[in-house]
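The next block holds one structure in the form of structure tokens; read it before the comments.
The values are calculated or read from the model by the stated rules, or taken from the named source; none is laboratory data. Only a predicted model underlies this, so the values are computations on that prediction, with no experimental measurement involved. Positions of Cβ are generated from backbone atoms using ideal geometry, with glycine treated the same way; all protein chains shown enter the neighbour counts. Protein only, heavy atoms only, side chains kept; ligands, DNA and RNA dropped before computing areas. Shrake-Rupley method; radii C 1.70, N 1.55, O 1.52, S 1.80 Å.
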Amino acid sequence: MIKNLDQYPVVRDTGYNKQQLIDFEELIVKHWEDAKIRGPVHLSNGNEDQLLEVFKRIKTTDWVFSTWRSHYHAMLKGISLDWLEQQILAGKSITICNMEERFYSSAIVTATLPIALGVAQAIKKSGGTDKVWCFIGDMCFETGIFYEVHKYARNFDLPLYFVVEDNGISTYTPTEATWNVKRDIPSDVVHYSYKSRFPHYGSGKWVAF
Ligand SMILES: Cc1ncc(C[n+]2csc(CCOP(=O)(O)OP(=O)(O)O)c2C)c(N)n1
């Protein structure tokens, strides 16, 4: 189930199906196992159906801000698969950025939020109609930075929208136990839960956040 998605209209067909997403990540797994990738890699899995629905609402001219786990986001935004594969082979999986395609990601938890806010403010000031979509994990959602950015975006009516990708953990630390709180998703924030077959490498211990 995807929370709060229906308020955002469908604007396009991404041209992808679930198997194509899975096949791309399997190709990256093969590159990794063949020791062709010189850098860290984060793979997506288990959220194909949800992302196919979400990206129908995102225009190719909108901005997407992603995380360290961005391969599916980049594909669905419309970035060339060859370019994406080359970036990953060059060790840039966790920081895929393509300004022409209006796609930015960071491996630093919360780092994209203030930048996305600034881009949304610039769009509003210049009278633009494009939107900014910021994808975040559930631990990022619980941070103070998210609450400030979300509050500012709504109170100043900025075209900034959030998608929480909730796997219930931050690396291996349970988000609810950390904050002693159940997820309280604002009505404008899109949210879905999923479980991946690719957990963080080295998972197995709680880490301080
Ligand atoms: C500021 C910062 N602190 C810690 C990390 C290490 N780290 C990388 S991903 C991650 C998990 C964040 O959890 P969540 O926001 O729920 O995202 P998920 O990867 O589970 O989707 C952490 C702690 C980091 N990259 N940046």
What is the projected area of the convex hull of the Cα atoms of region 100-145, averaged over all directions, in nm²?
3.7
Calculate, for the chain, the solvent-accessible area per residue in square angstrom, rolling a 1.4 angstrom probe over the heavy atoms of the protein chains.
50
How large is the Rg to Rh ratio of the chain when both quantities use alpha carbon positions and Rh follows Kirkwood?
0.94
For region 86-209, rounded, prolate or oblate, judged on the Cα gyration tensor with a ≥ b ≥ c (square roots of eigenvalues), a/c < 1.5 rounded, else prolate if a/b > b/c?
oblate
Sticking with the crude label model, points 7 Å out along Cα→Cβ, report the distance from I22 to A90 in nm, one decimal please.
3.1
In whole Hz, what ³J(HN,Hα) sequence does region 112-124 give by Karplus (6.51, -1.76, 1.60; θ = phi - 60°), x for Gly and Pro?
6, 4, x, 5, 4, 4, x, 5, 5, 5, 5, 4, 5
Of the heavy-atom accessible surface of region 59-166 (probe 1.4 angstrom), what whole percent is carbon and sulfur?
55
So how much slack lies between K182 and S196, counting 0.36 nm per residue of separation and subtracting their Cα-Cα distance, in nm?
3.0 nm
Using θ = phi - 60° and Karplus 6.51 cos²θ - 1.76 cosθ + 1.60, couplings along region 21-37 (whole Hz; Gly, Pro as x)
5, 4, 4, 5, 5, 5, 4, 5, 4, 4, 4, 5, 5, 7, 6, 8, 9
For I108 and S126 in one chain, what is 0.36 nm times their gap in residues minus the Cα-Cα distance, to one decimal in nm?
3.6 nm
If one puts a single equal scatterer on every Cα of region 19-84 and applies the Debye formula without solvent, what log₁₀ I(q)/I(0) results at q = 0.28 Å⁻¹?
-1.46
Whether region 1-120 is rounded, prolate or oblate, judged on the alpha carbon gyration tensor where a/c under 1.5 counts as rounded
oblate
